[in-house]
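Just so you know, all these numbers are worked out from the coordinates, no wet-lab data involved. None of these values were measured; they are calculated from a predicted model. Cβ sites come from the backbone with ideal geometry, for glycine too, and all protein chains shown count toward neighbours.
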Amino acid sequence: MSAPSSASASAFAPVATLPASPVVFSRAAATDRQLMQGWDGLLSDSGHVYRIYQSPEWWNHLVATRPADDLLLGVLPAADGAEVGVVPMDVQRYPLAFSLGRWTFASLKLRAAHLLGGAPLVAGRPQALADVVERLWRERPDLDALFLKGIPAGCSAWAGWEAQLRQRGGSLLYSEHGRRPLYTIALPDSFDAYLARFGSKKRYNLRRQVRVLEEQMPGLELVRVDAEEQVAEFVRQAQHIAKRTWQHQAIGPLGIERDDIAVRLADLARRGLLRSYVLRSGGRALAFVLGYQGRGVFHYADIGHDAELSKFSPGTVLLYRLIEDLIAHRRPQTLNFGIGVSEYKRQFATEVREETSLLILRDTLRNRLRVGLHRGWRGLLARVKPLLRRPKLVLAGVLTHEAVYELVGTVVNTSLPVLAG
C-alpha cells in the first residue's frame, strides 16, 4: 500500500493503522484524534521557543487560510522506541539574497518547503529528517529545497539528523548565515521586577524617552489588538506605517503588507493566537508590532515605525509599554525577539542563545550553481568589509583613488566559488 500524498488527504488512516512507511504526507492528518493527542504530548515536552509554529492550532490556521498545495504534514507512525512524529511544512518562496548591510541588490528565488518551528517534532528518530527529505524529493519535484529556521545551536538531536542526511546523499546542506544570536526576555511577575535588572541611569533614560515622545505627541496611547473586530483598522494603520519605514525602502514590503494579511490575522484572532500592538497619538499611528502568542511565548514578529519620528524613539517607547502590557495581561513565560542582532534586542533582552538556520537543497547542477554563487558573494563580502572600515578607504565619505585600486584588487583576487554541497 502506497502512502497518500497531500492530494489524497481523505485516504489518511488512523494513526494506529498507518502503514509501516517511514513518513506519510497528508494535509488532513490533524483531524485524527489519536495523532492530535500524540502531537500535543510532544509539544508539552518541548522547550523550543518556536513551538507555537509546530502546534496543531497553528497548522489548523494555515489549513483555513492557505492553498492546499502549499501545505504538507509529514507524519511518522509510532514505532518501537519512538512515539508518533509530526513534521508540518508550508511551501513558499525562499530568497537567496545578495545583500550588503540594509540593501539587497538581487536574490535567487527558490521554491522551498519551510519546516514550521525549524525542527522535526520527533523523539528517538535520528533518521526522521532524512526520511522526510527523501520523500519530499520523490513526491514534490517542483520543490528546490527544505528550509529549517531556528535550530538551537548544540541541539543534541541535530548530529544524528545531519549524519543521516549526508549518508543518504541527494541533498546539499547550506547554512546561509551560520550561527546567530536569539534574544529573549524571561518575563517576571511584575514590570517593576523587570525594570530592576537595569541600572538607575538606564531606567531614567527609558522613562525620559517615553516622556519626550508624550510631549511631542499628546494623547499617546498603546492599543493591544487581539480581537477580530480590531483587525481591519490595525492592518490599515500598520500598512500606512510600513510604507514609511527604512525597511520598506531598503528591503521591500514587510509581512504586514501581504495582500492576504487581513484574512490571516482575523483567523488568528478567532483562534486566540493574535496579539499585536499599535502606538498612536490621536488619529496618527506612529509604530506597530505584529505579534502572536501561544504555548507560553509571545513572538515579536514584524515591526515598524514612521522614519520621520526616529529621533523621538517611537519603537523603543512602544516596546517599553508593550512589555508592561505583556506582564499585566495574560503574561506569557517568554518574549521572543527572533534571530539576529539589533540594538533594541540587546537593550531589552534578558537572555541570549545561539541558533542557526539550514537550507537543504535537492542535489542538482542548478542548485549547486546557486549555492556556489551565494557562497562566493559571502566570501567576497568577508574580504571587502574589513577594507571598507580602514581609514584610508574613506575621505569625507568618498573613496580615494588608492582605495578604489585596493578594492578592485580584492575583487579580482577573490577565488571563484566552489560548486560543492
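Please label the shape of region 188-332 as rounded, prolate or oblate, based on the square roots a ≥ b ≥ c of the eigenvalues of the alpha-carbon gyration tensor (a/c under 1.5 means rounded; beyond that, a/b larger than b/c means prolate, else oblate). Don't jump to the answer; show the numbers that get you there.
Details: a/c = 1.88, a/b = 1.20, b/c = 1.57.
Verdict is oblate for region 188-332.
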Which of Y204, Q237, P218 sits farthest toward the positive end of the charge dipole of region 120-256, with +1 on the Cβ of Lys and Arg and -1 on the Cβ of Asp and Glu? Y204
Under 19 Å Cα-Cα from K243, which lysines qualify once same-chain neighbours fewer than 8 residues away are excluded? K311
For region 113-191, listing trypsin sites (Lys or Arg not before Pro) in a DSSP loop whose Cβ sees at most 12 other Cβ atoms within 10 Å gives none
Listed with the fewest Cβ neighbours within 10 Å leading, S44, S310, S171, S342 appear as S44, S310, S342, S171
